[in-house]
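The values are calculated or read from the model by the stated rules, or taken from the named source; none is laboratory data. What you are looking at is a predicted structure, and each value in this text was computed from that prediction instead of being measured. Methodologically, a virtual Cβ is constructed for each residue, glycine included, from the backbone with ideal geometry; neighbour enumeration extends over all protein chains shown. With ligands, DNA and RNA removed, areas are computed over all heavy atoms of the protein, side chains included. Shrake-Rupley method; radii C 1.70, N 1.55, O 1.52, S 1.80 Å.
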Amino acid sequence: MSDNSVAGKHILITGGASGIGAESALLLSKRGANITIGDLNEPDGNALVQRINDEGGQARFCKVDVSVSESVEVLFRTAISDLGNIDVVINNAGIDHDPKFMLEIDDATFHKNIAVNVNGVWYCMKHALAHMMGNGGGHIINISSVAGIRAAPTLSAYSAAKHAVVGLTKTAAVEYARHNIRFNAVCPSFVRTPMVENVLSKLDERGQKALVRANPMKRLGEPQEIAGAIAWLCTPESSFMTGHTVVLDGGMTA
Ligand code: NAP
């Protein structure tokens, strides 16, 4: 196997039915990886798995709610039973919330963001870790955001959750480096996915322009551009990298 290969690796992607997760699944499958997609969205997840398998890849879908520990347990059990030991877990499932200042965000919205974006990553990291400890190692890639490394006005609950994801990534990387388990985070700015299309649909023309042009490149990222970086992280070429964030933001945080 060459150093840039993912061929034969079993890669589990949460939130893999849509957007960044779906593009990552397609790219990694084209490069020879076997894919488990875990997602709440059963129809889109099954359709993507069908497409990958029709194109000669190997993929399975398992419905999961990452905010529920028991559901995550079933996901890992099913994935291992279907496609064998897992080499890489991509914790990508996530939600945002309507843009509002803190005083206008209700507690339920805050708790829901923490439940999916933090508890979900926590449960998946714990299950991945337990599996990888008995399996000689692995790599856990957490999808955070530029909102996880800087202020995100009107997105305080999301920003709090994404900062937590970076904290979990860094701490786990140091704790488990000697066990050959790596952890890295990916931090995109606005990317053209259903999540962002939904935000854009709620803005007037001026707001849409401001969002799209919020970085020095003056454009949205494409999901393929994020998937490319994630795919590289999945290869042995990234083998000396752990506990860090890959920032893909068109220069927003430069
Ligand atoms: P997306 O298109 O909305 O896809 C997210 C997927 O996750 C959907 O299929 C969604 O299912 C699923 N999901 C939501 N809650 C879940 C849960 N509790 N359990 C399992 N699956 C769940 O989003 P995306 O834009 O690709 O975002 C992917 C990740 O990148 C997220 O963590 C997001 O925060 C992060 N990110 C995105 C951007 C961006 O601009 N797009 C920027 C920075 C970071 P449903 O459709 O049924 O809800």
**Complete:** Residue hits (the stretch 115-129; open to solvent by 30 Å² or more (accessible area, probe 1.4 Å) and under 15 Å from the mean Cα position of the chain (by Cα)) are ASN119, TRP122, TYR123
**Prompt:** Which of the following residues is in contact with a His (Cβ under 8 Å, 6 or more places away or on another chain), over 21 Å from VAL74 (Cα atoms) and surrounded by fewer than 18 Cβ atoms within 10 Å (Cβ to Cβ): LYS100, LYS112?
**Reply:** LYS112
**Prompt:** Can you find even one residue in the stretch 11-21 that is open to solvent by less than 30 Å² (accessible area, probe 1.4 Å), of a type outside the set (Lys, Arg) and on the phi > 0 side of the Ramachandran plot?
**Reply:** yes
**Message:** If VAL247 satisfies all but one of (1) hydrophobic (A, V, I, L, M, F, W, C); (2) open to solvent by 10 Å² or more (accessible area, probe 1.4 Å); (3) assigned to a helix (DSSP H, G or I); (4) touching a residue at least 24 places away in the same chain (Cβ under 8 Å), what's the number of the condition it fails?
**Reply:** (3)
**Request:** Kindly provide the set of residues from the stretch 54-108 that are outside any helix (DSSP H, G or I), within 17 Å of TRP122 (Cα to Cα) and acidic (Asp, Glu), ordered by number.
**Result:** ASP65
**Message:** I want to confirm something. Restricting to the stretch 18-53 and keeping residues that are in a strand (DSSP E or B) and away from the ligand (no atom under 11 Å from the Cβ), which single residue is nearest to GLY94 (Cα to Cα)?
**Reply:** THR36
**Asked** What residue, of ARG178, ARG182, ARG219, is at pLDDT 95 or above, charged (D, E, K, R) and under 18 Å from the mean Cα position of the chain (by Cα)?
**Response** ARG182
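Each row is one residue, and each column tells you yes or no for (1) within 26 Å of MET132 (Cβ to Cβ); (2) open to solvent by less than 60 Å² (accessible area, probe 1.4 Å).
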| position | (1), (2) |
| --- | --- |
| PHE61 | yes, yes |
| VAL72 | yes, yes |
| ARG77 | yes, no |
| ASP96 | no, yes |
| ILE105 | no, yes |
**Residue check for MET132: surrounded by 22 or more Cβ atoms within 10 Å (Cβ to Cβ) and either near the ligand (Cβ under 9 Å from one of its atoms) or assigned to a helix (DSSP H, G or I) (or both)** = yes
**Fill in**
Of the residues in the stretch 79-94 that are among the polar types (S, T, N, Q) and either free of Cβ contacts under 8 Å to residues at least 12 places away in the same chain or within 14 Å of the ligand (Cβ to nearest atom) (or both), the one that is least open to solvent (accessible area, probe 1.4 Å) is ASN91
**Single match in ILE149, ILE140, ILE105 (criterion: under 23 Å from VAL64 (Cα atoms) and either more than 14 Å from the chain's Cα centre (by Cα) or touching a residue at least 12 places away in the same chain (Cβ under 8 Å) (or both))** = ILE140
